[in-house]
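Worksheet: one structure, shown below.
Taken together, the values in this text are just the output of simple stated rules run on the coordinates, not laboratory data. Treat the numbers as computed from the prediction; the structure is a model and nothing was measured. Please note: Cβ atoms are built from the backbone with ideal geometry, for glycine as well, and neighbour counts cover all protein chains shown.
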Amino acid sequence: MRLGCAAEEGGVSYAEFIERKTQLGSQSGFDPVWMPDFLFDFQKALVEWAILKGRAAIFADCGLGKTPMQLVWAENVVRKTNRPVLILTPLAVSHQTVAEAGKFGIEALRVGENWKGSGIVVTNYERLHYFNPEDFAGCVCDESSILKSFDGARRGEITEFMRKMPYRLLCTATAAPNDYIELGTSSEALGELGYMDMLGRFFKNDQNTIRPMGYRHHGQNFAKLDEAAKWRLKGHAEVPFWRWVCSWARAIRRPSDLGFDDGAFILPELIERDHLVDAQTLAPGMLFSLPAVGLQEQREERRRTIKERCEKAAALVSGTKQPALVWCHLNDEGDLLDELIPDAEQVSGDDSDEAKEEKFLAFASGQLRVLVTKPKIGAWGLNFQHCAHLTFFPSHSFEQYYQGVRRCWRFGQKRPVVVDVVTTEGEKSVMQNLQRKAKAADKMFSDLVLHMNDSISIVRGLKFTKKEKVPAWM
């Protein structure tokens, strides 16, 4: 079909047809119909932008008030459309969201089964299958970075659920801290560029293929194979990439990133202490401890030193009479910590969703002094400002470490927060990788904030004054 005919049959002008093909994001929102006084000035600016945008992402650091912002956004959609909005949260965070809504005078209902009605509905990601997307005008994904922790089927289910919704909001504190291309997950969920389309436009790999291969063959350099399969920004695409991201996302680590006063959002000191424990059992054939090389050796080191590391972590929190949050990664670590710390309670993967929520709420309310759990279970969305002491066994996931620390070190925390990192000589390479990722995350957020501020001053949609000339053959 000829291009001119396609535009004419669609009932749009050629200029409108071209405008629809641009990839700088859509503007499908509306002017805010309600903006409460309880929001801080920077929160109002972000919410107003997200409402006008219609489908947007807010990458705001932990403790900057994503919950009230998403509640106000959802309430505006409800009042504008007279239809309900669904807020999806990590496990146990739905209770906090409903409590926050009540505190701010917003009506929100927590439900876990198929539902018909109006207003704001809050539920866990795990219960999404109970709901019909046609019943809602909009959807909010709280802690949306958790999507990449789900398997492909779950992530696809969430993206498909929101696909035809006119209003969508993603809220997270750690958007792709280690790998820029993970932003494609958010873009696709909002109806912007698909994940693979984003890769083809802004990124490349040394294999020059859209699906890089990591197969390893005898005699080949494994490191070179892995490096060749990695995606990186094209040389000329860095600025266009960040401008494109900023067309559908806003990032903020502190209010001053948007030109506002930091005020009450200046946090107390974060004290990170490293504790190196000696391995009682050395690796087979070794006379002394050496840094583990490769994932297999690191996993063996972790399992071989469970007793030493857990005893050290337990000694750090036992008898302090203060709340403590103890993070672990292995089931055996959690079981041993639960046994070694008399007044601790473990939240494990074997617990039912109801049992997990009950224990999280007990710790948040102060009924439980020490909580033992894994980052992948409880590191997203929960507020534990009453606690100022954490222990951590390092892993390669910077996001898990960052989110785990930020459960306590966030707005509302009044005391310096102490993080005790317990490791062994063999895990030095893990710590070095974690530190490298921390620097990469800081650079990514700095780039995003820089280009965001630049894009705010740029008027989108350059207008051409010359009328287009259609070739005679069309």
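Loop-located chymotrypsin sites (Phe, Trp or Tyr not before Pro) in the stretch 384-461 (DSSP state not H, G, I, E or B) with no more than 12 neighbouring Cβ atoms inside 10 Å do not occur. Remark on R168: its backbone amide H falls under 5 Å from those of R55, A56, C139, a criterion applied only to residues 5 or more positions apart or on other chains, H modelled at 1.01 Å from N. Under the combined filter of DSSP loop state and at most 15 neighbouring Cβ atoms within 10 Å, the stretch 317-417 retains these trypsin sites (Lys or Arg not before Pro): K321, K414.
Could you tell me the calculated FRET efficiency between T281 and D351, based on Cβ-Cβ distance and R0 = 45 angstrom, to the nearest 0.05? The computed FRET efficiency comes out at 0.90. The overall shape of the stretch 52-96, judged from the alpha-carbon gyration tensor, is oblate: a/c is not under 1.5, and a/b is no greater than b/c.
In a DSSP loop and with at most 11 other Cβ atoms within 10 Å, the trypsin sites (Lys or Arg not before Pro) in the stretch 82-138 are K116.
Between amide H atoms placed 1.01 Å from N, distances below 5 Å from K230 occur with D206, all of them 5 or more places distant or on a separate chain. Along the stretch 404-410 the Karplus relation, 6.51 cos²θ - 1.76 cosθ + 1.60 evaluated at θ = phi - 60°, assigns HN-Hα couplings of x, 5, 6, 5, 10, 8, 7 Hz to successive residues, with x for each Gly and Pro. Each other residue within a Cβ distance under 11 Å of R254 adds +1 if Lys or Arg and -1 if Asp or Glu, for a net charge of -3. The charge dipole of the stretch 311-414, taken about the Cα centre with unit charges on the Cβ atoms of Lys, Arg (+1) and Asp, Glu (-1), comes to about 760 debye, rounded to the nearest 20.
Electrostatic tally near V422: other residues with Cβ closer than 11 Å to its Cβ, Lys and Arg +1, Asp and Glu -1, net -3.
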